[in-house]
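Reviewing the structure listed below.
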Amino acid sequence: MKKLFVLTLIAGLFVSLTSSAQEDKSKRASPPATTKGTLASGAAITIDYSQPSVKGRKIGGEIAPYGKVWRTGANEATVFETSKDVKVEGKALAAGKYGLYTIPGEKEWTIIFNKTWKQWGTDYTEADDALRVAVKPGKAASATEKMTFKIDKSGKVNLLWGNVVVPFTVK
């Protein structure tokens, strides 16, 4: 009887772990998204992230609080990948994958490229930062409910969310 109980328990754990590992991420409240672009230099840029919604909240207050490191998305860390060495806002960033974090602010956002990219988004260690750049946010032409990244061939990357646009240049 004990053997049957233990076998049933082990089988149940295996099924539970297997099904959670195969979770359909598209059904999450903050679904995954990917943005890709190839710059004029030939560098391929990919940003993998989850899209939190504004849902009537204030950016800089209830969500993405000003002055605090924010995971720049939801769920797992947002991953910024470049196929070649690039310059972000004029500063060197080696080819590779990075966790993308930000420190939002009313007049300035800090964009952080962290060496640890394969992790849950709230697990952040400043000592692992590869690069930080400061940029000026602006007012978006129209509101974007779900956080979205856009990359154009010139190297302009825009983070759009609510009425905010946070641009940075990658060349």
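Taking Cβ atoms as reference points and 13 Å as the exclusive limit, the residues near residue 132 contribute a net charge of -3, counting Lys and Arg as +1 and Asp and Glu as -1.
Listing 101, 124 from the residue with the fewest other Cβ atoms within 10 Å to the one with the most, what is the order?
Working: 101 24, 124 18.
Exposure proxy ranking, most exposed first: 124, 101.
Charged neighbours of residue 80, selected by a Cβ distance under 12 Å, balance to +1 (K, R count +1; D, E count -1).
Taking amide H as placed 1.01 Å from N in the peptide plane, residue 117 has its amide H under 5 Å from the amide H of 99, each at least 5 places away in sequence or on another chain. Each of 165, 157 has some number of other Cβ atoms within 10 Å of its Cβ, and from fewest to most they run 165, 157.
Once the chain from residue 40 to residue 150 is taken as fully extended at 0.36 nm per residue, the excess over their C-alpha distance is 38.1 nm. Centre-to-centre, using Cα atoms only, the stretch 51-94 and the stretch 98-171 are separated by 4 Å.
Here the Karplus relation 6.51 cos²θ - 1.76 cosθ + 1.60, evaluated at θ = phi - 60°, turns the backbone of the stretch 146-151 into coupling constants of 9, 3, 9, 9, 10, 10 Hz, with x for every Gly and Pro.
None of the figures in this text is laboratory data; all of them are computed from the coordinates on show. None of the values given here were measured: they were computed from a predicted structure. We place every Cβ from the backbone using ideal geometry, glycine too, and count neighbours over all the protein chains shown.
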